[in-house]
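Trainee: One structure is given below, represented as structure tokens, and several questions about it will come after.
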Amino acid sequence: MDKTASSYWDTPIAYLKGVGPQRAQMLNTELGIFTFRDLLEFLPFRYEDRTSFATVKELTSQEEKYVQLKGMIRGMEEAGSGAKRRLIVYFYDGTGIIELVWFKKIDWIKKQLKPGIEYVAYGRVQLFQNTYTMPHPEIEPYQGDDKLGLRPVYHSTEKLKRKGLDSRGISRLIANLLPAALPHVQDPLPLSIRQRYDLLPKAEALAQLHFPKSSYLLEQAQKRMKFEEIFFFQLYLVQAKIYRKQHFAGQILDKVELSRRFIEEVLPFRLTNAQRRVLREIYADMKSGRQMNRLVQGDVGSGKTVVAFIAALIAIDSGAQACLMAPTEILADQHYKSFCEFAEKLPVKVAKLTGSTPQAERRALLAGLQSGEIDLLVGTHALIEDSVQFKNLGLSIIDEQHRFGVEQRSKLWQKNEGIHPHVLVMTATPIPRTLAMTFYSDLDVSIIDELPPGRKPVRTIHRYDKHRLSVFGFVREELKKGRQAYFVYPLIEESESLDLKDLMDGYESIRRAFPEYHVSIVHGRMRPQDKDYEMQRFARGETQIMVATTVIEVGVNVPNASVMIIENAERFGLAQLHQLRGRVGRGAEQSYCILMTGNQLSTEARRRIRTMVESNDGFEIANVDLEIRGPGDITGTRQSGLNLMFTNLAKDYPIIEKAKKAVEELLAADPTLQAPEHALLKKHVQMQAAEKLNWARIS
Ligand code: ADP
Ligand code: MG
């Protein structure tokens, strides 16, 4: 509803019939419901299908499912004593008898249930010693078929239940609220759009969400809410982008001598077509005079680093500075090294700044940045500290964007006084292309959808723990050929001493199994210097095996490593598995990724593993990930402020398309939303914008 509107919606919930001060207090603390608006927006989280009755005769024992029965009480008895005391009610529906069983509230139930009355019992059927039973059913007198339907189920808590506010209780409050409240609902979507896209009015949609008259109307109500949700999100993003393009000038960075020289004389390989296309897109932005805000998506190993470097060369060539921020020291280090190598034959000065840069060195470095002597700065979070000032920062590059919070990014964005630097965000966790286009509408998106030639796809294999010996044998064969191997364990978090133990046990057994090889270990609880030291040893080939947690997930590049064993692979998410696997297959050799799991796998885990075994394509994997997890966790979208209540990004694509189209049509017809019929809509957008503030310009 329209949040700007009247005080009606802000009426404290205590004033609603059936609430009062005590219950109001509880609704406040338990569910965060303070006002009429809060209650109206407190939607059921699911619906029970109470449209039809099952019969006892036709019950099957195959599945334990919820059913609704209509019948009478034939008798009742108590059995057992103490904790085992229970009430058995014999319930006859004309086709057979089922036992309704209560372990709690026995005396109360006994008083409620009367013979000779028709009841409706709803619950989960179990087959217990050849008899059908229904433990703790919901039971109530039958009130006629017109009272049947889809019944809303609301979240409640133990405390509220004790005050009579279980799901039914809450639904009664909402029933009290609706008749007076619905006429106050203002529809932010103009009639013209509702008509064109066949959408229920808002008030009707809300009514149906609480008390659906049919599953068709419920679906229509949900469709309407999804559309609205996406519509305003899109409208907001598109407007933000238009605003940014109109208002944020960018330095004109258009010199290409240096980058041309680099590509022709220094670079040891030919850029792929995809890399070249993306560079053209970047270049067009950088010379446009408007600030670039571009996301580069590319699968693991697609060669984003060199694209970043060339973009930096364009900036430097044009007299500006550039910086690249990486999420970890290890990565910053690695980028620094490749950039130094790249820059060796070029008049470009590269420097590195991280949290562990010594004080004296840091001072010199800061001076070099201010004088403009340093052209390209690589580093970690340390880059966003206020003391880091540039002479003229023209381009900010953020690698593996999901590791950074929105706020950190926008700080980097503000690094240059006067004119803002161009921003390039690189992410290796693809999100499905269609979604990227939709949900980064305020960003321009470039996609590197091609791997450098000659890459052999990593072969991925699933093995159970009991095959460990043969897996070790396989690893030994690879090591004998002079290759290196990773063993990866689930993340070590602050409190998870169990994981640390697993890792250390694993490390010991690997050392025992491979006495002839050197083994490195890296995990999140080590000091950065120690981590680094071990990484370097592995990278130089002084150790042949790297035992690690997911700290190596992102970006690490050791082309000679050709085997990756992932322990407890069922505990990793798809995006993470794909990232991890990207650590091998970087050289000319055939590489392998072996996913180790226990025997027991959930359906979801099985699907993840199967997807990994079958596909090497990050975009395809991202699609499956989206289907499994929903969008909330998908990299980047959470940080983009995308908090969707109704829409399922994996499934609702048709609605998303329509909402997007509606936004385009609206802005084409009325770019500034001046038409009177768009007044409410405009107000809605302004509210939303106020909530999101300025970070949207970068995320
Ligand atoms: P990512 O996109 O995962 O960050 P990198 O930039 O680390 O990938 O590149 C992976 C590897 O591929 C590096 O060793 C890089 O030098 C190499 N590479 C990048 N582009 C090409 C290319 N066009 N041809 C051959 N090798 C390339
Ligand atoms: Mg990278």
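Trainee: Compute the helix-to-body angle for 20-31: its Cα long axis versus the longest principal axis of the chain, expressed 0 to 90° and rounded to tens.
Mentor: For helix 20-31, the angle is close to 40 degrees.
Trainee: Among the lysines, which have Cα under 23 Å from the Cα of K466 when same-chain residues fewer than 8 positions away are ignored?
Mentor: Once the sequence-local lysines are set aside, what remains near K466 is K501.
Trainee: While we're on this one: Starting from the amide H of N568, placed 1.01 Å from N in the peptide plane, find each other amide H under 5 Å away whose residue is 5 or more places distant or on another chain.
Mentor: Amide H neighbours of N568, under 5 Å, 5+ apart: M596.
Trainee: Quick one: give the max-minus-min coordinate of the C-alpha atoms of the chain along each principal axis, largest first, in Å.
Mentor: Computed over the Cα atoms, the extents are 96, 73, 43 Å.
Trainee: Still on this structure, please answer the following. Just grab the label-to-label distance for E118 and D465, each label 7 Å out from Cα along the Cβ direction, in nm (one decimal).
Mentor: 5.6
Trainee: So what is the relative contact order for the chain, in percent, with contacts set as C-alpha pairs under 8 Å and at least six apart?
Mentor: Relative CO of the chain lands at 12 percent.
Trainee: Between Q246 and D107, how many nm apart are label points set 7 Å from Cα along the C-beta direction?
Mentor: 7.3
Trainee: Which of the residue pairs K226/K661; K105/K163; K147/K226; K110/K147 have a Cα-Cα distance greater than 22 Å in the structure shown?
Mentor: K147/K226; K110/K147
Trainee: Residue farthest toward the positive end of the dipole of the chain, with Cβ of Lys/Arg at +1 and Asp/Glu at -1: which of P327, S338, F474?
Mentor: With unit charges placed on the Cβ atoms, the residue in question is F474.
Trainee: Would segment 61-148 count as rounded, prolate or oblate if I go by the C-alpha gyration tensor, calling it rounded below 1.5 in a/c and otherwise prolate when a/b exceeds b/c, oblate otherwise?
Mentor: Verdict is oblate for segment 61-148.
Trainee: Could you give the C-alpha radius of gyration of segment 1-101 expressed as a fraction of 2.2 N^0.38 Å, taking N as the number of residues it contains?
Mentor: 1.72
Trainee: Right, another one. On a 20 Å Cα-Cα criterion, which of the cross-link pairs K84/K104; K65/K159; K660/K682; K651/K683 come out too long?
Mentor: From the list (K84/K104; K65/K159; K660/K682; K651/K683), the Cα-Cα distance tops 20 Å for K65/K159; K651/K683.
Trainee: Please report F91, F390 as a ranked list, fewest other C-beta atoms within 10 angstrom at the top and most at the bottom.
Mentor: The order, fewest Cβ neighbours first, is F390, F91.
Trainee: Please arrange T51, T543 by how many other C-beta atoms lie within 10 Å of their C-beta, fewest to most.
Mentor: Going from least to most buried by this count: T51, T543.
Trainee: Could you work out the relative contact order of segment 459-615? I mean the mean sequence separation of Cα pairs under 8 Å and 6+ apart, divided by the number of residues, in percent.
Mentor: The normalised contact order for segment 459-615 reaches 33 percent.
Trainee: Among L182, G506, L253, flag the residue with its Cα farthest along the positive direction of the charge dipole of the chain, charges on Cβ as +1 for Lys/Arg and -1 for Asp/Glu.
Mentor: Farthest towards the positive end: L182.
Trainee: What are the ³J(HN,Hα) couplings of segment 284-300, residue after residue, when phi is run through the Karplus curve with 6.51, -1.76, 1.60 and θ = phi - 60°? Round to Hz, x for glycine and proline.
Mentor: 4, 5, 5, 9, 6, x, 10, 5, 7, 9, 10, 9, 9, 9, x, 4, 3
Trainee: Given the -39500 (n - 2.57) contribution per DSSP H run of 4+ residues, what per-residue ellipticity at 222 nm results for the chain, rounded to the nearest 500 deg cm²/dmol?
Mentor: -12000 deg cm²/dmol
Trainee: Here's a follow-up. How big is the dipole moment of segment 61-148 about its Cα centre under a simple scheme where the beta carbon of each Lys and Arg is +1, that of each Asp and Glu is -1, and everything else is neutral? Debye, nearest 20, please.
Mentor: Magnitude of the dipole: close to 400 debye.
Trainee: Among the lysines, which fall within straight-line cross-link reach of K391, defined as a Cα-Cα distance under 27 Å, with same-chain neighbours fewer than 8 residues apart omitted?
Mentor: K391 reaches K245, K255, K287, K304, K337, K345, K349, K352, K411, K415.
Trainee: Which shape class applies to segment 459-615: rounded if a/c is under 1.5, otherwise prolate when a/b exceeds b/c and oblate if not, where a ≥ b ≥ c are the square roots of the Cα gyration tensor eigenvalues?
Mentor: Cα axes put segment 459-615 in the rounded bin.
Trainee: So how do T35, T603 line up by other beta-carbon neighbours within 10 Å, fewest first?
Mentor: T603, T35
Trainee: Which one, T603, T550, S562, projects farthest toward the positive side of the charge dipole computed for segment 547-609 from Cβ point charges (K/R +1, D/E -1)?
Mentor: T603
Only the coordinates and a few stated rules stand behind these numbers; no lab work does. Since the model is a prediction, treat every value here as computed from it, not as a measurement. Backbone-built Cβ (ideal geometry, glycine too); neighbour counts: all protein chains shown.
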